[in-house]
Amino acid sequence: DAKTTQPNSMESNEEEPVHLPCNHSTISGTDYIHWYRQLPSQGPEYVIHGLTSNVNNRMASLAIAEDRKSSTLILHRATLRDAAVYYCILRDLRGTSYGKLTFGQGTILTVHP
Amino acid sequence: DAGVIQSPRHEVTEMGQEVTLRCKPISGHNSLFWYRQTMMRGLELLIYFNNNVPIDDSGMPEDRFSAKMPNASFSTLKIQPSEPRDSAVYFCASSLEWANGYTFGSGTRLTVV
């Protein structure tokens, strides 16, 4: 599986934007970039995913570098409820990987009031 | 939609006892995953079912672990005999094949004493 690299932790203030980086220099052409987050004492929650183009949804935006070797999850206005562990995962829908998700250590996001 | 339903939420058992964890996936989803989460090892994929058939069980730690999916709406993960090192939070997730993302349940916190 292609690997991702994320900072161990980041901090933000409430109502400010947050940019969570992810490096994936060995990404293949068929890997989708997925982001999940895990709030305390809950299961992981799907946030957003993309392949080549930037993506927006009600939760966040995903900015993908032109060479696809890095991406950034953008929370436009952080709230206290956004404090969680954020996972950047490469998902290959081909072949024997069957699109399974392999979680790394993620980034612990702390949001200050 | 009630989401992915796991039971029990908490389980405390004595070493050597059999433990059965249960999962009801989202109706219509045809892929089901069992994950285990510990502080030391993070989120680990144990087994993956597609259309009720086990596709990848390479993450199952040892023969004490077994999983079944007798129909599209129910799956079990059994540990027999249980050991203290099996203490963890076990998550079940389901998805539509090749679809956007996984939906995780709230997990079962297992403590083996």
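For the condition surrounded by 14 or more Cβ atoms within 10 Å (Cβ to Cβ) and in contact (Cβ under 8 Å) with a residue 60 or more places away in the chain, B:Thr13 qualifies. Of the residues screened, B:Asp63 is not one that is modelled with pLDDT under 95 and either within 15 Å of B:Tyr102 (Cβ to Cβ) or within 14 Å of the chain's Cα centre (by Cα) (or both). The one condition from (1) touching a residue at least 60 places away in the same chain (Cβ under 8 Å); (2) out of contact with any Lys or Arg (no Cβ under 6 Å at 6 or more places or on another chain); (3) under 24 Å from B:Cys92 (Cβ atoms) that A:Gln42 does not meet is (1). Identification of strands (runs of 3 or more DSSP E) wholly contained in the stretch B:44-113 with 1 or more residues that are more than 10 Å from chain A (Cβ to nearest Cβ), among the aromatic types (Phe, Trp, Tyr) and surrounded by fewer than 17 Cβ atoms within 10 Å (Cβ to Cβ) yields B:74-79. Checking A:Ala78, A:Ala84 one by one, the residue that is at pLDDT 95 or above, under 29 Å from B:Gly107 (Cα atoms), buried (at least 21 other Cβ atoms within 10 Å of the Cβ) and of a type in the set (Gly, Ala, Ser) is A:Ala84 and no other. Taking the stretch A:1-34 as the range and being within 14 Å of chain B (Cβ to nearest Cβ), modelled with pLDDT of 95 or more and farther than 20 Å from B:Tyr35 by Cβ as the test, only A:Asn8 passes. Among the residues making up the stretch A:15-39, those that are under 17 Å from A:Arg81 (Cα atoms), assigned to a loop (DSSP other than H, G, I, E, B) and open to solvent by 70 Å² or more (accessible area, probe 1.4 Å) are A:Glu15, A:Glu16, A:Pro17.
When the stretch A:35-65 is filtered for residues that are in contact with a Gly (Cβ under 7 Å, 6 or more places away or on another chain) and within 12 Å of chain B (Cβ to nearest Cβ), the ones remaining, listed by number, are A:Gly43, A:Tyr46, A:His49. The single condition among (1) among the small types (Gly, Ala, Ser); (2) within 14 Å of the chain's Cα centre (by Cα); (3) under 17 Å from A:Leu101 (Cα atoms) that B:Gly101 does not meet is (2).
Picking from residues in the stretch A:1-14 that are part of a strand (DSSP E or B) and within 22 Å of A:Leu80 (Cβ to Cβ), the one that is least open to solvent (accessible area, probe 1.4 Å) is A:Ser12.
The values are calculated or read from the model by the stated rules, or taken from the named source; none is laboratory data. From a predicted model like this one, the values you see are computed outputs, not experimental measurements. Glycine gets a Cβ as well: all are built from the backbone with ideal geometry, and neighbour counts include every protein chain shown. Each accessible area value is taken on the protein alone, full model and side chains, heavy atoms only, with ligands, DNA and RNA left out. Shrake-Rupley method; radii C 1.70, N 1.55, O 1.52, S 1.80 Å.
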